[in-house]
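The structure appears below as structure tokens.
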Amino acid sequence: MGYYDRPYRHEPTGSGPMFGRRSFGGSVTIWLIGINVVVHLIVMITLGSNRAAAFSPFVWGNFNIEQAIYGGQVWRFVTYQFLHSPSSLLHILFNMIVLYFFGPLIEQYLGSRRFLAFYLLCGCAAAVIYSIFSFVPGLLNTTPDMPLVGASGSVYGTLIACAVLYPAQVVHVWGVFPLQLRTLAFIILGIAAFSLIAGARNAGGEAAHLGGAALGFLLIKNAHWLNFVDRMPWHKVAPRGMVHRLQQKRVRRRLEQTRELEREVDRILDKVARQGLQSLTRREKKVLHTATEQRREP
């Protein structure tokens, strides 16, 4: 009898409280951070070149009302989320640090696909609220051609979602000051709202922050709104046949690993039956531990 045929190897039935599905190709959070960093480097290089400046992602990707709304360049609602101010390293550094710590919590809760939709939609909401508030006379210090960039709307949405799910979780701001997540959320939202009302220099950015935070709150309270993601034809996103080949390769690799582990566990169990548990080496005990942990996975 093989290890995976033994009674204690059978998987539990039923579903857990998770809304989402398993990751489709690694952590979306890490991919988002990587894309943001790479794009920022490209922006720094291209804007510093007289020949390449016109082709910089910052030029064709930033969000501004004149081009995105009046000009119909709707892709800017998404592309601006991966751009950051080239004159401020703190802009991208803060966003990526927050995304690194809080993104995985929401990704685990929603699932990778839904988290990606959550992230992008929060960024779009930030641009929408920024645009709406810009039409209020005297509220924002902005013009229709002023660029809006940054992942802050998406990051604020992610942070607020974490505060909803884990309000009592303690975090250390700047590694020193302990605060509950709900307290931190109230503080950053209060600062954003006050800056907006007081007409701070970055009032437009604060409006975007509030927009992303608002949608993040709504989506995490109504996660079923993201059900449309599971109905999307993901097999059509990649070139024809690529997804199928990758899936086949992944299945073959996992199957081979499973068979190898099964053979090794069977050998170890036979040894225990003949010589007793005390005869096992440290490596053999580790193999049994690994097999047991895999058995417990949902």
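The values are calculated or read from the model by the stated rules, or taken from the named source; none is laboratory data. Note that this is a predicted model, so its numbers are computed, not measured. When we count neighbours, we look across all protein chains shown, and the Cβ atoms used for this are built from the backbone with ideal geometry, even at glycine. Note: accessible area is taken over every heavy atom of the protein model, side chains too, but ligands, DNA and RNA are not part of it. Shrake-Rupley method; radii C 1.70, N 1.55, O 1.52, S 1.80 Å.
Restricting attention to the range 69-119, which residues are of a type in the set (Val, Ile, Thr), over 17 Å from Tyr130 (Cβ atoms) and touching a residue at least 12 places away in the same chain (Cβ under 8 Å)?
Listed by number, the residues that qualify are Ile92, Val98, Ile106.
Criterion first (more than 24 Å from the chain's Cα centre (by Cα) and surrounded by fewer than 20 Cβ atoms within 10 Å (Cβ to Cβ)) does Val136 satisfy it? Full working, then the answer.
Values: more than 24 Å from the chain's Cα centre (by Cα): yes; surrounded by fewer than 20 Cβ atoms within 10 Å (Cβ to Cβ): yes.
So Val136 passes the test.
Mind checking whether some residue in the range 55-65 is without any contact (Cβ under 8 Å) to a residue 12 or more places away in the chain, among the aliphatic types (A, V, I, L, M) and surrounded by 13 or more Cβ atoms within 10 Å (Cβ to Cβ)?
Within the range 55-65, one or more residues are without any contact (Cβ under 8 Å) to a residue 12 or more places away in the chain, among the aliphatic types (A, V, I, L, M) and surrounded by 13 or more Cβ atoms within 10 Å (Cβ to Cβ).
State whether one or more residues within the range 229-236 are assigned to a helix (DSSP H, G or I) and modelled with pLDDT of 80 or more.
Within the range 229-236, one or more residues are assigned to a helix (DSSP H, G or I) and modelled with pLDDT of 80 or more.
In this structure, does Ile35 turn out to be surrounded by 14 or more Cβ atoms within 10 Å (Cβ to Cβ) and at pLDDT 90 or above?
Values: surrounded by 14 or more Cβ atoms within 10 Å (Cβ to Cβ): no; at pLDDT 90 or above: yes.
In short, no.
Somewhere in the range 146-168, is a residue open to solvent by 60 Å² or more (accessible area, probe 1.4 Å) and at pLDDT below 90? Steps first, please.
First, the residues of the range 146-168 that are open to solvent by 60 Å² or more (accessible area, probe 1.4 Å): 146-147, 166.
Subset that is at pLDDT below 90: none.
The answer is no; no qualifying residue exists.
Condition (residue is among the basic types (Lys, Arg) and more than 28 Å from Arg114 (Cα to Cα)) applied to the range 193-208: is it met by at least one residue?
Yes, the range 193-208 contains at least one residue that is among the basic types (Lys, Arg) and more than 28 Å from Arg114 (Cα to Cα).
Pull up the range 169-212, narrow it to residues that are of a type in the set (A, V, I, L, M, F, W, C), open to solvent by 70 Å² or more (accessible area, probe 1.4 Å) and not in a strand (DSSP E or B), then point me to the one that is farthest from Gly138 (Cα to Cα).
Going through the qualifying residues, I end up with Val176.
Considering only residues that are within 21 Å of the chain's Cα centre (by Cα), of a type outside the set (A, V, I, L, M) and not in a loop (DSSP other than H, G, I, E, B), which ones fall in the range 64-100?
Within the range 64-100, Arg76, Phe77, Thr79, Tyr80, Gln81, Phe82, His91, Phe94, Asn95, Tyr100 meet the criteria.
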